[in-house]
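Below is one structure, written out as structure tokens; the observations come after it.
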Amino acid sequence: MTGPLLLNTAEELHKLPRTGRRAVVMTMGALHEGHATLIRGAREQAGPDGQVVVTVFVNPLQFGANEDLDRYPRTLDADLWICAEAGADAVFAPAVDEVYPGGAPQVRITAGPMGGRLEGATRPGHFDGMLTVVAKLLHLTRPDLALFGQKDAQQLALIRRMVTDLNFPVEIVGVPTVREDDGLALSSRNRYLSPAERRTALALSRALFAGRDRLAAQAALRARAEAAPASDERATALARLGEIRASADAHAVSAAGSGLPDAVRAAARHVLEEAGRYDPPLVLDYLALVDPVDFTDVGPDFTGHAVLAVAAKVGTTRLIDNIPLEFGTPLESGPLEFGAHA
């Protein structure tokens, strides 16, 4: 198997001949199956005559004072093997002073209001650093399209916003989250988890799936309500006749069309609160149901696309996960499938 061409400088990258469409996958290394899925997707989209470039760069601007920059794994040899198997043509792996030759940049991209929510509230400045390096790497690699994982949903939304607002001539493609067989979203940080911590960490995906299942159940009730409306008066009459279970069902059908976002949040939060009592415990950072356009919380009568997102610590490892949901669509379409199991 012939490996991809390894490039370490901007000059080497600029001399790389272009062939067909160029697709770029940006990573911080420590590649896993989730990254391989992105690279394979880039290969498919670029086509046999196109070109796939993978960037491997641990960006110091994305790490806060108390975060794990020094601890972040550097595994370039293994990364090159994964890139080769997945179909990359070239790997751009620059040093920090190659990307920031004058030291930390004085002019940076700002993420705006969306960059201060959820992940941005927990990690001030993180998204400014992320957008700054993505902008630089887009300029350096000059791709026709760039692929990013939907696991980092807020990051993906901000990159799309930047590309639109600043007129970058590139198509941004989101790729579904890759999960392990037990549901845990693939992450470079999973390697830090002990076996006991990993068992606790599974609560993140279970909480998201619980929210998704609650939405599906409520959507089924809503469909019944639309097909055969049931009123509170009917439920009360059934109760007087001793039909308690039928009464409860009628109440549920009557209420099924409202408050769905709150019900989804409640179902997910129940799983997370239970995991807070595990040994070791899950320490919740946030659980949010947000509009993917601006990552603001959705209201009780929201309809359309939404993202159910969670972040938590298990031991010293901080993990994030999310799934997309669809509110107010016909039952037969079901909840929007966002993730793919490895």
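The values are calculated or read from the model by the stated rules, or taken from the named source; none is laboratory data. It should be emphasised that the depicted structure is a prediction, and the values quoted were computed from it without experimental measurement. With ideal geometry, Cβ positions are generated from the backbone for all residues, glycine too; neighbour counts draw on all protein chains shown. Heads up: the accessible areas ignore ligands, DNA and RNA and are worked out on the full protein's heavy atoms, side chains in. Shrake-Rupley method; radii C 1.70, N 1.55, O 1.52, S 1.80 Å.
What the table below lists for this structure:
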item	result
Scan of the range 62-82 for residues that are in a helix (DSSP H, G or I) and surrounded by fewer than 18 Cβ atoms within 10 Å (Cβ to Cβ), ordered by number	LEU76, ASP77, ALA78, TRP81
Qualifying residue in the range 89-97 (condition: over 30 Å from LEU204 (Cα atoms) and in a helix (DSSP H, G or I))	yes
Residues of the range 50-61 that turn out to be out of contact with any Ser or Thr (no Cβ under 7 Å at 6 or more places or on another chain) and either within 13 Å of VAL25 (Cβ to Cβ) or open to solvent by 30 Å² or more (accessible area, probe 1.4 Å) (or both), as a count	3
Matching residues, the range 109-122, being small (Gly, Ala, Ser) and either over 22 Å from ASN322 (Cα atoms) or in a loop (DSSP other than H, G, I, E, B) (or both)	ALA111, GLY112
Residue match in the range 145-158 (condition: more than 18 Å from MET28 (Cβ to Cβ) and either touching a helix residue (DSSP H, G or I) at 6+ places or on another chain (Cβ under 8 Å) or part of a helix (DSSP H, G or I) (or both))	yes
Any chance ARG18 is in a helix (DSSP H, G or I), over 23 Å from LEU193 (Cα atoms), touching a strand residue (DSSP E or B) at 6+ places or on another chain (Cβ under 7 Å) and among the charged types (D, E, K, R)	no
Of all residues making up the range 174-191, the number that are part of a loop (DSSP other than H, G, I, E, B) and open to solvent by less than 20 Å² (accessible area, probe 1.4 Å)	2
Positions within the range 257-304 being touching a residue at least 60 places away in the same chain (Cβ under 8 Å), open to solvent by 20 Å² or more (accessible area, probe 1.4 Å) and either part of a strand (DSSP E or B) or under 30 Å from MET162 (Cβ atoms) (or both), in sequence order	ASP285, TYR286, LEU287, PRO292, VAL293, ASP294, THR296
Set GLN106, GLN45: member being part of a helix (DSSP H, G or I), more than 30 Å from GLY315 (Cα to Cα), open to solvent by 20 Å² or more (accessible area, probe 1.4 Å) and polar (S, T, N, Q)	GLN45
Residue list for the range 9-21, filter: in contact with a helix residue (DSSP H, G or I) (Cβ under 7 Å, 6 or more places away or on another chain) and either without any contact (Cβ under 8 Å) to a residue 24 or more places away in the chain or not β-branched (Val, Ile, Thr) (or both)	ALA10, LEU13, GLY20, ARG21
Hits in the range 310-329 (condition: open to solvent by less than 40 Å² (accessible area, probe 1.4 Å), closer than 21 Å to GLY64 by Cα, of a type outside the set (S, T, N, Q) and under 18 Å from the mean Cα position of the chain (by Cα))	VAL310, ALA311, ALA312, LEU319, ILE320, ASP321
